[in-house]
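The structure under discussion appears below in the form of structure tokens.
The values are calculated or read from the model by the stated rules, or taken from the named source; none is laboratory data. The model shown is predicted, which means the values in this text are computed figures rather than measured ones. Here Cβ is always computed from backbone atoms with ideal geometry, including for glycine, and neighbour counts include all displayed protein chains.
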């Protein structure tokens, strides 16, 4: 059985180490916060906060306290607030240890496309381009194939890029792959998924 | 030096002209200058270029200035919450310049700090880099981005004193300080104007030197995505 959303998030949480400052994207990456266990992780929200807490209890929502997905959240005893220029200063400056992001396509050289589909509604890149250019390690969490069953791990991206050669590791429902010289390297297979199955679902070059 | 004004309309008097460039603070609907936006709508000033991370939602925030067709061009990082925006953009009525969020914030901060351009690796190898100067530093490629020198800054803070020293609250700070810094004139709207000396000088987020006019008023503070969790029952 391939991993489900929660299993992918749990696997991504294993990438995080004690003491890390981390930025989590929208979607499955947000679930990663549920699986960090006893590790001392500080979450950054790029609208200007370190030490992001969980959603507030009903009736305790504060319109002045939201995350980058514009959801109401809470603060922790370690929380600090700052302006957007300072926030992206720490991102661009390489102070954030890792970003865990969703993606539409990843290429075998680490190119990432996750902000725009030409001809469809154009919403904007938000902070994604700054994050992938600046953080130390970029981990993509996404389904291995799209709704049509086609590989999202490609030789070359077909969509407009968010960043060039920026992805380090990809966690999909079928397993874990690293971007290495010459292509992608299989690090781990999801429970019950065979290497042949993963290879068959992957367009990108897989190197040994 | 009287910075406090009675209303948003009065605070904008004599500084608006068609075709001007306005930098606005706020992220989503959080920390946006609601009262000054309403006053811009009333003023009828048009052909505006607005540098703001987002463009409000339909009928609220900068979305109001879209409905009245007062905005000609937006400089933003994310505009996905606004159907009227999409309609005007797709029909060619509205110009849009996408900026990565950190680049937008730094373009404002830089201009306010007297820096007309800076190099960043954000966007290298993407459509954002097209037509921009590329330069290598220590083996890495960067692109040149320009400061945004605005004619007017409109921002929202929590508290001000009469000299314009500002304190923001939680994540409502966001783009407000860099937006305030980059304008020739900055008008700030606040929830409370407090007596001089009552703000701890060590706790001031933006010094009054950046703030020229101040108004106090009531804010709706609309929540875009209300997310909560249940209290665990023992």
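How many residues does the range A:47-58 hold that are at the interface with chain B (Cβ under 8 Å from one of its Cβ atoms) and surrounded by fewer than 21 Cβ atoms within 10 Å (Cβ to Cβ)?
Within the range A:47-58, the subset at the interface with chain B (Cβ under 8 Å from one of its Cβ atoms) is A:47-49, A:54-58.
Subset that is surrounded by fewer than 21 Cβ atoms within 10 Å (Cβ to Cβ): A:54-58.
Within the range A:47-58, residues that are at the interface with chain B (Cβ under 8 Å from one of its Cβ atoms) and surrounded by fewer than 21 Cβ atoms within 10 Å (Cβ to Cβ) number 5.
Just for the range A:42-53: of the residues that are in contact with a helix residue (DSSP H, G or I) (Cβ under 8 Å, 6 or more places away or on another chain) and assigned to a loop (DSSP other than H, G, I, E, B), which one is nearest to residue A:81 (Cα to Cα)?
If we take residues in the range A:42-53 being in contact with a helix residue (DSSP H, G or I) (Cβ under 8 Å, 6 or more places away or on another chain) and assigned to a loop (DSSP other than H, G, I, E, B), then A:48 is nearest to residue A:81 (Cα to Cα).
Of all residues in the range A:68-90, how many are in a loop (DSSP other than H, G, I, E, B), closer than 23 Å to residue B:180 by Cβ and in contact with a strand residue (DSSP E or B) (Cβ under 8 Å, 6 or more places away or on another chain)? I'd like the intermediate steps shown before the answer.
Start the filter on the range A:68-90 by keeping residues that are in a loop (DSSP other than H, G, I, E, B), which leaves A:68-70, A:73-74, A:82-83.
Checking which are closer than 23 Å to residue B:180 by Cβ leaves us with A:68, A:70, A:82-83.
Applying the additional criterion that residues be in contact with a strand residue (DSSP E or B) (Cβ under 8 Å, 6 or more places away or on another chain) yields A:68, A:70, A:82.
Residues in the range A:68-90 being in a loop (DSSP other than H, G, I, E, B), closer than 23 Å to residue B:180 by Cβ and in contact with a strand residue (DSSP E or B) (Cβ under 8 Å, 6 or more places away or on another chain): 3 in total.
What's the number of the condition residue A:85 fails, among (1) facing another protein chain (nearest Cβ under 8 Å); (2) touching a residue at least 24 places away in the same chain (Cβ under 8 Å)?
(2)
I'm trying to understand the selection: among the residues of the range B:166-193, which are part of a loop (DSSP other than H, G, I, E, B) and farther than 29 Å from residue A:61 by Cβ? If you could, list the steps in order and put the result at the bottom.
Taking the range B:166-193 first, the residues part of a loop (DSSP other than H, G, I, E, B) are B:168-169, B:173-175, B:182.
Of everything in the range B:166-193, just one residue is part of a loop (DSSP other than H, G, I, E, B) and farther than 29 Å from residue A:61 by Cβ, namely B:182.
Would you please name the residue that is nearest to residue A:191 (Cα to Cα), looking only at residues in the range A:161-176 that are within 14 Å of chain B (Cβ to nearest Cβ) and surrounded by 17 or more Cβ atoms within 10 Å (Cβ to Cβ)?
At the first step, the residues of the range A:161-176 found to be within 14 Å of chain B (Cβ to nearest Cβ) are A:161-167.
This time we only want the ones that are surrounded by 17 or more Cβ atoms within 10 Å (Cβ to Cβ), so: A:161-164, A:166-167.
Working: A:161: 32, A:162: 31, A:163: 31, A:164: 31, A:166: 28, A:167: 24 Å.
The extreme case among them is A:167.
Select from the range A:116-139 the residues that are touching a residue at least 40 places away in the same chain (Cβ under 8 Å) and more than 9 Å from every other protein chain (Cβ to nearest Cβ) and list them in ascending order. Full working, then the answer.
Within the range A:116-139, the first condition is being touching a residue at least 40 places away in the same chain (Cβ under 8 Å), and the residues that meet it are A:116-118, A:126-128, A:130-131, A:133-139.
Result: A:117, A:118, A:135, A:136, A:137, A:138, A:139.
If I filter the range A:115-133 for residues that are over 14 Å from residue B:99 (Cβ atoms), touching a strand residue (DSSP E or B) at 6+ places or on another chain (Cβ under 8 Å) and not in a helix (DSSP H, G or I), do I get at least one hit?
No, the conditions are met nowhere in the range A:115-133.
Could you check the range B:172-201 and list, in sequence order, the residues that are over 14 Å from the mean Cα position of the chain (by Cα) and either at pLDDT below 95 or surrounded by 24 or more Cβ atoms within 10 Å (Cβ to Cβ) (or both)?
B:190
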